[in-house]
1. Do you know which residues across the range 320-332 are outside any loop (DSSP other than H, G, I, E, B) and more than 12 Å from the chain's Cα centre (by Cα)?
2. Could you list, ordered by first residue, the pairs with Cβ atoms under 7 Å in which the first is in the range 185-198 and at negative phi and in contact (Cβ under 8 Å) with a residue 40 or more places away in the chain and the second is part of a helix (DSSP H, G or I) and surrounded by fewer than 23 Cβ atoms within 10 Å (Cβ to Cβ), at least 6 apart or interchain?
3. Being buried (at least 19 other Cβ atoms within 10 Å of the Cβ) and in contact with a strand residue (DSSP E or B) (Cβ under 8 Å, 6 or more places away or on another chain) is the requirement here; does residue 136 meet it?
4. Only one of (1) in contact with a strand residue (DSSP E or B) (Cβ under 7 Å, 6 or more places away or on another chain); (2) over 23 Å from residue 257 (Cβ atoms); (3) crowded, with 16+ Cβ neighbours inside 10 Å fails for residue 165. Which number is that?
5. Say we look at the range 141-158 and pick out the residues that are within 27 Å of residue 70 (Cα to Cα) and surrounded by fewer than 19 Cβ atoms within 10 Å (Cβ to Cβ); which of these is farthest from the chain's Cα centre (by Cα)?
6. Using beta carbons and a limit of 9 Å, which pairs, at least six apart or on different chains, have the first residue in the range 153-174 and in contact (Cβ under 8 Å) with a residue 12 or more places away in the chain and on the phi > 0 side of the Ramachandran plot and the second one crowded, with 18+ Cβ neighbours inside 10 Å and part of a loop (DSSP other than H, G, I, E, B)?
7. Test residue 225 against the stated conditions and say whether it is surrounded by fewer than 21 Cβ atoms within 10 Å (Cβ to Cβ), modelled with pLDDT of 95 or more and in contact with a strand residue (DSSP E or B) (Cβ under 9 Å, 6 or more places away or on another chain).
8. Can you name the residue in the range 300-335 that is over 23 Å from residue 141 (Cβ atoms) and out of contact with any strand residue (DSSP E or B) (no Cβ under 8 Å at 6 or more places or on another chain) and is also surrounded by the most Cβ atoms within 10 Å (Cβ to Cβ) among such residues?
């Protein structure tokens, strides 16, 4: 019975190990692990709020046909991707808070800060928001970073290939961008160009948000003590990385022919042809992370998510990036006090065994 016996023994061992893991999972969380999950929950609640706004206007059931058409100029499946990303973030937020409650911890509640105005455009719900998408400064340094052989964790600073400042990522109202207008490529009227520029901004904002999650979750996971908390952070973080890869690809279509060259007639923001310079730091189809410095400059370059050091990709860095993005424009000081406290608590955690 040699092989059969060995198989049975292995199965019994795995069952015992699984039972032990179940028993561990019934215990209380350490203060540090709870802090990691609380910040993750806050980040997911914030993400869910902004994705719900995108989904209302541009998702599968979205209510703004012109916005959907402009997004679809980036990729015909954009509405489906937006709806799926929204569902993912909602599931992350709900799971993390439910898990905290199951461990006797307080869930994260940002409901008192849902006080920002919504879009007035057709399709948007007339409800208060947690995040602002009506005027953004979208950081594009990630675009250059992932094409470079350098790593921000070694102190390198990156600039984006162009600038998006004071730009809406969703339609503001129907006078500015009529919901029933066509969206030809290239746009033929000022209002068509305006809507396309708004959709292009959204495409780059999607990638900006998700690249932040791609770096955040590893920095949190490195600090986890309980194997189950580590499992949660790694498992959700993998989805954030998947999201980033998707949106990185789609954003490039806004700055490649035939769509490249759109200028917003209201803000002057231009989406140039990034393939024209013939530079690998700009080329739109180079969406897979370039091998870069990692751990030590004495080691060979390695294709990795970066940054993953706390000071560059952790919780405090995430809140700063969102703030600089103008995502929290209009929030009161109490909001910043809360999210920054959660961020500092998470970044201060040290793994213990």
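The values are calculated or read from the model by the stated rules, or taken from the named source; none is laboratory data. Just so it is clear, the model here is predicted, and its values are computed rather than measured. Note: ideal-geometry Cβ built from the backbone for every residue, glycine included; neighbour counts use all protein chains shown.
1. Correct list: 320, 323, 324.
2. 187/193
3. yes
4. Of the numbered conditions (1) in contact with a strand residue (DSSP E or B) (Cβ under 7 Å, 6 or more places away or on another chain); (2) over 23 Å from residue 257 (Cβ atoms); (3) crowded, with 16+ Cβ neighbours inside 10 Å, the odd one out for residue 165 is (3).
5. 144
6. From residues that are in contact (Cβ under 8 Å) with a residue 12 or more places away in the chain and on the phi > 0 side of the Ramachandran plot, the pairs are 166/269; 166/326.
7. Working: surrounded by fewer than 21 Cβ atoms within 10 Å (Cβ to Cβ): yes; modelled with pLDDT of 95 or more: yes; in contact with a strand residue (DSSP E or B) (Cβ under 9 Å, 6 or more places away or on another chain): no.
Against the criterion (surrounded by fewer than 21 Cβ atoms within 10 Å (Cβ to Cβ), modelled with pLDDT of 95 or more and in contact with a strand residue (DSSP E or B) (Cβ under 9 Å, 6 or more places away or on another chain)), residue 225 does not qualify.
8. 335
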